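Before any comments, here is the structure.
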Amino acid sequence: MSKTILVTGGAGYIGSHTCVELIEAGYNVVVIDNLSNSSPEALNRVEKITGTAPVFIEGDVRDPVLLASIFSQHSIAAVIHFAGLKAVGESCQMPLAYYDNNLGSTITLCQEMEKAGVKNLVFSSSATVYGDPEKLPLTEDMPLSATNPYGRSKLIIEEMLRDLPEADRLSNAEQPWAVILLRYFNPVGAHKSGLIGEDPKDIPNNLMPYISQVAVGRREKLSVFGDDYDTIDGTGVRDYIHVVDLAKGHVKAVDNLLSSEAVTGVEAINLGTGNGTSVLQLVNTFSEINDTPVPYEIAPRRPGDVAACYANATKAKQILQWETELDIAAMVKDTWQWQSSNPNGYSES
């Protein structure tokens with residue numbers, strides 16, 4: 001069987017770390033990325049870490065001709081689909097762009113996968129599909145909703161993918177779809193080498209890169225959005241997961257799809273630590289572990305944010321034999337190793 005995996009959005013933050021883990025697990029990697037929020041330098045660094053360069057195709061996943069050529073030139077066994085827009089706040093300002101990009105890319109990708117007879121898919125979903133949770137921790141069978149267009153785009157895609165096995169049944173398809181929806185929580189950290197990490201092109205939308213950019217002097221101070229939530233210290237609580245643990249979860253999902261124990265149909269699986277950490281706890285841990293001050297101010301809540309969100313990750317352990325290994329201390333240490341070694345990210349300016 002082919003050991004070649006197509007990774008859409010593979011030059012991005014999670015994508016590049018997943019390329020490292022795939023290569024180190026013995027897979028061949030083909031990446032398609034339009035570089036809208038990523039850098040080709042990330043893939044050069046993947047080669048430095050692993051000694052192997054992924055095959056890189058610059059282009060948009062919404063381009064069916066390009067996808068068809070990739071499937072015809074490479075014997076793809078499975079696809080990991082990261083490509084998409086991902087900022088909650090931005091999605092509230094430009095919902096149509098999010099639906100066009102996130103839904104459009106997935107529809108085109110699945111159409112071309114079907115034509116090529118490749119029906120193993122790992123989809124990059126999100127804990128945002130749980131909306132504002134009524135109880136915690138979150139399990140995969142809880143009601144789904146969304147509080148912002150980004151989360152809604154992920155939720156619509158999940159529902160769309162659930163329709164594929166039913167179509168297989170109706171058509172008596174010889175090769176049925178096998179889809180793993182990985183709902184992950186808040187990826188942070190960087191590869192321990194300090195060679196790859198999170199490098200947002202504009203003002204960071206996520207907490208950890210903003211903290212590290214303040215610490216390295218690129219930004220004056222951090223805005224903490226809301227200190228009046230019903231949480232341990234009034235700030236938002238999230239389940240932060242080290243990006244390397246997360247990347248290994250994707251490898252485990254691919255392993256499953258290509259094994260005799262593969263999931264059938266569509267299976268949703270949380271990837272998280274099962275522990276909640278508040279914004280201020282993360283800021284203070286970063287400062288303490290790295291002996292670096294992080295000035296901050298309290299700002300109003302952001303629309304679309306929820307008070308607390310963390311996972312029950314039991315299913316990932318049962319089905320994928322996966323669980324996290326790296327704690328908050330490792331997350332902040334590895335983030336600072338990346339940021340202090342690359343103060344301007346992948347840019348040399």
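The values are calculated or read from the model by the stated rules, or taken from the named source; none is laboratory data. Please read these numbers as outputs of a predicted model, since none were measured by experiment. Cβ placement follows ideal geometry from the backbone for every residue including glycine, while neighbour counts extend to all protein chains displayed.
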Checking ILE298, ILE269 in turn, the sole residue that is hydrophobic (A, V, I, L, M, F, W, C) and surrounded by fewer than 20 Cβ atoms within 10 Å (Cβ to Cβ) turns out to be ILE298
Flagged in the range 8-60 as among the hydrophobic types (A, V, I, L, M, F, W, C) and either buried (at least 24 other Cβ atoms within 10 Å of the Cβ) or in contact with a Gly (Cβ under 7 Å, 6 or more places away or on another chain) (or both), in numbering order, are ALA11, CYS19, VAL20, LEU22, VAL29, VAL31, ILE32, ALA42, VAL46
Residues of the range 130-149 being farther than 24 Å from THR314 by Cα and touching a Phe, Trp or Tyr at 6+ places or on another chain (Cβ under 6 Å), in sequence order, are PRO149
Inside the range 210-233, the number of residues satisfying the requirement of being without any contact (Cβ under 8 Å) to a residue 24 or more places away in the chain and under 28 Å from GLY274 (Cβ atoms) is 1
Among the residues of the range 216-234, is there at least one that is of a type in the set (Gly, Ala, Ser) and touching a helix residue (DSSP H, G or I) at 6+ places or on another chain (Cβ under 6 Å)?
no
When GLU21 is run through (1) charged (D, E, K, R); (2) at pLDDT below 95; (3) part of a helix (DSSP H, G or I); (4) closer than 22 Å to ASP334 by Cβ, the failure sits at (2)
Those residues of the range 42-60 which are more than 14 Å from GLY12 (Cα to Cα) and not in a helix (DSSP H, G or I) amount to GLY51, THR52, ALA53, VAL55
Only unsatisfied item for GLY104, checking (1) closer than 22 Å to ARG162 by Cα; (2) among the small types (Gly, Ala, Ser); (3) touching a residue at least 60 places away in the same chain (Cβ under 8 Å), is (3)
Listed by first then second residue, the pairs whose first member lies in the range 31-44 and is in contact (Cβ under 8 Å) with a residue 12 or more places away in the chain, whose partner is in a helix (DSSP H, G or I) and buried (at least 23 other Cβ atoms within 10 Å of the Cβ), with beta carbons under 6 Å and at least 6 positions apart or on separate chains, are ALA42/SER16
Condition set modelled with pLDDT of 95 or more, of a type in the set (Lys, Arg) and closer than 29 Å to SER72 by Cα, scope the range 115-170, selection farthest from the chain's Cα centre (by Cα): answer is LYS115
* Of the residues that make up the range 237-251, is at least one over 24 Å from LYS86 (Cα atoms) and hydrophobic (A, V, I, L, M, F, W, C)? -> no
Note on GLU288: of the conditions (1) acidic (Asp, Glu); (2) surrounded by 17 or more Cβ atoms within 10 Å (Cβ to Cβ); (3) closer than 15 Å to ASP327 by Cβ, unmet is (2)
Among ALA78, ALA83, the single one that is within 21 Å of LEU121 (Cα to Cα), in a loop (DSSP other than H, G, I, E, B) and touching a strand residue (DSSP E or B) at 6+ places or on another chain (Cβ under 7 Å) is ALA83
Among the residues that make up the range 130-139, is at least one of them in contact with a Cys (Cβ under 7 Å, 6 or more places away or on another chain) and among the small types (Gly, Ala, Ser)? no
